[in-house]
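The values are calculated or read from the model by the stated rules, or taken from the named source; none is laboratory data. Here the structure is a predicted model, which means the values were calculated and not measured. Here Cβ is always computed from backbone atoms with ideal geometry, including for glycine, and neighbour counts include all displayed protein chains.
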Amino acid sequence: MNPEDRESAILDCAATIVALEGVSAVTMDRIAQDSNVSRSLIYVYFKNVTELLRKLYLRETLALRERQRAESAKVQEFEAYVHCLTRLFLEHVHEKGDFMSKLMHEPSITNVLQTDFFNARKSASLAIAERIAKEHAIPVSLAARLADMLMGLTARAGEQVQRFGLPFAEATDIVVTMLLGAIEATANKYHRGKISWPNEYGD
C-alpha cells in the first residue's frame, strides 16, 4: 500500500470509531488494532491523536467543499444552485454519519479545530454570497452574513437526517424552501430600507 492510501485508510478507521463510539474512543492503540497497522507506523503519519483528528476533519471538509464547488458551478438557475449545495451536504452527512459533528463538539479538540472550521465556513459562505448578491442585488457583505447564518440551518437539517431519521429527500426540500424564503425575505427588507447596512462592511 502506498503512503497516501495508508494514511487515508488510517483516517477512515478513525472516522468509523468516532461515528460509532465517539472521539474519546480514538487512541493510537485502537486504530492500530482496527486497521491492522502497527502503532509505530501510525506515528510516522500522525504525531498524536489530535493531529490525526484534525487531518480527518480537514480531509472531509475540503472534499465536501470541492464537490459542492464543482457541481454547483454547472448550475445557472439560483434555486437549483441552492438545491445542489443542500443536497450534497445532506448526502455527505447521510453517507459519512455524524462523526463531523462529534469532532466539532469534542472539548479536547475544539480549540484545535476551531480555526479550521471558521476558515472553511468563511470560504464557503463567501462563495455562496456572490451568488446570493447577484440574484437579489444586495451587498456581498450582507449576503455573506446571511449565508453564514443559513449554513447553521443546513447543519441542523443534517442532524435531523442522521439522528432522527428524517428522510433525505424530504429534508432537502424542506431546507431549500426555508433557505430560499429567508434569502428572499431578507433581500426584500433590504430593498425596502427595513435593513440598515452600514458602508463600513466594505461594499
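Which residue is modelled with the lowest pLDDT, if the candidates are limited to the stretch 32-73 and must be of a type in the set (S, T, N, Q) and in a helix (DSSP H, G or I)?
Start the filter on the stretch 32-73 by keeping residues that are of a type in the set (S, T, N, Q), which leaves 33, 35-36, 38, 40, 48, 50, 61, 68, 72.
After this cut, where a residue has to be in a helix (DSSP H, G or I) as well, the list is 33, 35, 40, 50, 61, 68, 72.
Numbers: GLN33: 92, SER35: 89, SER40: 93, THR50: 88, THR61: 82, GLN68: 89, SER72: 90.
Ranking the candidates gives THR61 first.
On the basis of being farther than 29 Å from VAL161 by Cβ, at pLDDT below 95 and not acidic (Asp, Glu), does GLN76 make the cut?
In short, no.
Could you identify the single residue in ARG156, ARG163, ARG192 that is touching a residue at least 60 places away in the same chain (Cβ under 8 Å) and surrounded by fewer than 16 Cβ atoms within 10 Å (Cβ to Cβ)?
One residue alone meets the criteria, ARG163.
ARG156: in contact with an Asp or Glu (Cβ under 7 Å, 6 or more places away or on another chain) and under 25 Å from PHE99 (Cβ atoms), yes or no?
No, not satisfied.
Counting just the residues of the stretch 171-198 that are of a type in the set (Val, Ile, Thr) and in contact with a helix residue (DSSP H, G or I) (Cβ under 9 Å, 6 or more places away or on another chain), which one comes out modelled with the lowest pLDDT?
Filtering the stretch 171-198 for residues that are of a type in the set (Val, Ile, Thr) and in contact with a helix residue (DSSP H, G or I) (Cβ under 9 Å, 6 or more places away or on another chain), the one modelled with the lowest pLDDT comes out as ILE195.
For (1) in contact with a helix residue (DSSP H, G or I) (Cβ under 9 Å, 6 or more places away or on another chain); (2) of a type in the set (A, V, I, L, M, F, W, C); (3) under 13 Å from ALA182 (Cβ atoms), each residue gets a yes or a no:
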site	(1), (2), (3)
LEU126	yes, yes, no
GLU130	yes, no, no
LYS134	yes, no, no
VAL140	yes, yes, no
ALA143	yes, yes, yes
LEU150	yes, yes, yes
LEU153	yes, yes, yes
VAL161	yes, yes, no
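Among the residues of the stretch 1-52, how many are small (Gly, Ala, Ser), in contact (Cβ under 8 Å) with a residue 60 or more places away in the chain and buried (at least 18 other Cβ atoms within 10 Å of the Cβ)? Spell out the reasoning first.
If we filter the stretch 1-52 for residues that are small (Gly, Ala, Ser), which is where we start, we get 8-9, 14-15, 19, 22, 24-25, 32, 35, 38, 40.
This time we only want the ones that are in contact (Cβ under 8 Å) with a residue 60 or more places away in the chain, so: 15, 19, 22, 24.
Now drop any that are not buried (at least 18 other Cβ atoms within 10 Å of the Cβ), which leaves 15.
Here the count works out to 1.
Restricting attention to the stretch 65-83, and to residues there that are crowded, with 18+ Cβ neighbours inside 10 Å and touching an Asp or Glu at 6+ places or on another chain (Cβ under 9 Å), which single residue is farthest from ALA15 (Cα to Cα)?
The residue in question is TYR81.
Of these, ALA143, ALA129, ALA120, which one is of a type in the set (A, V, I, L, M), in a helix (DSSP H, G or I) and either surrounded by fewer than 20 Cβ atoms within 10 Å (Cβ to Cβ) or modelled with pLDDT under 85 (or both)?
Selected residue: ALA120, the only one of ALA143, ALA129, ALA120 that is of a type in the set (A, V, I, L, M), in a helix (DSSP H, G or I) and either surrounded by fewer than 20 Cβ atoms within 10 Å (Cβ to Cβ) or modelled with pLDDT under 85 (or both).
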